[in-house]
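Asker: The structure under discussion is supplied below as structure tokens; questions concerning it will follow.
The values are calculated or read from the model by the stated rules, or taken from the named source; none is laboratory data. Predicted model, so just to flag it, every value in this text is computed and none were measured. Neighbour counts run over all protein chains shown; Cβ positions are idealised from the backbone, glycine included. Surface areas here come from the heavy atoms of the whole protein model, side chains and all, with no ligands, DNA or RNA. Shrake-Rupley method; radii C 1.70, N 1.55, O 1.52, S 1.80 Å.
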Amino acid sequence: NQRLVQLRKEHNLSQSELAKKIGIHANVVGRYERGEAKPSIEQVLKIADVFDVSMDYLTGKVDEAIEPKLMQQMISLQQLPQKEKEHILFTLEALVRDTITRLSYAS
């Protein structure tokens with residue numbers, strides 16, 4: 001799994017250090033990275049927690065890592081009544097659009 005290798009190197013962790021954090025033997029991390037073994041759901045969750053990424057990002061299902069703070073805000077937003085959710089999304093879309101426009105002219 002190239003994503004696992006990439007994340008481990010970005011966080012300056014050896015296979016042994018990662019293995020210790022998730023409670024497995026270092027050679028198992030190597031087998032995961034080479035594609036010789038697949039981690040269980042529990043192991044994927046532990047690895048995702050170590051790197052503070054989603055399981056979808058870790059497994060390559062999505063290519064963008066969503067910041068945990070943004071993810072928490074989206075979960076909170078989802079729990080609101082529909083009318084309030086629509087108002088917030090409308091405002092958020094306008095703010096994002098305006099910021100993108102402003103930044104494109106600043107370059």
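Asker: For region 2-59, with all protein chains present and a 1.4 Å probe, just round the carbon and sulfur fraction of the accessible area to a whole percent. Spell out each step's value before the answer.
Answerer: Numbers: 1730 of 3550 Å².
Carbon plus sulfur share of accessible area: 49 percent.
Asker: What do you get for the angle between helix 82-106 and the principal long axis of the chain? Use alpha-carbon atoms, 0 to 90 degrees, nearest ten.
Answerer: Roughly 90 degrees, rounded to the nearest 10.
Asker: Give, to the nearest whole percent, the P(r) tail of the chain beyond 18 angstrom, counting all Cα pairs. Spell out each step's value before the answer.
Answerer: Details: 3388 of 5671 pairs.
Percent of Cα pairs beyond 18 Å in the chain: 60.
Asker: Which lysines does K61 reach when only Cα atoms under 21 Å apart count, and residues fewer than 8 places away in its own chain are ignored?
Answerer: Partners within reach: K9, K38, K46, K69.
Asker: Mind ranking 59-71, 22-34 by how tightly packed they are, going by the mean number of other C-beta atoms within 10 angstrom, highest first?
Answerer: On the way: 59-71: 11.3, 22-34: 15.9.
Per-residue Cβ counts within 10 Å, averaged per peptide and sorted highest first, yield 22-34, 59-71.
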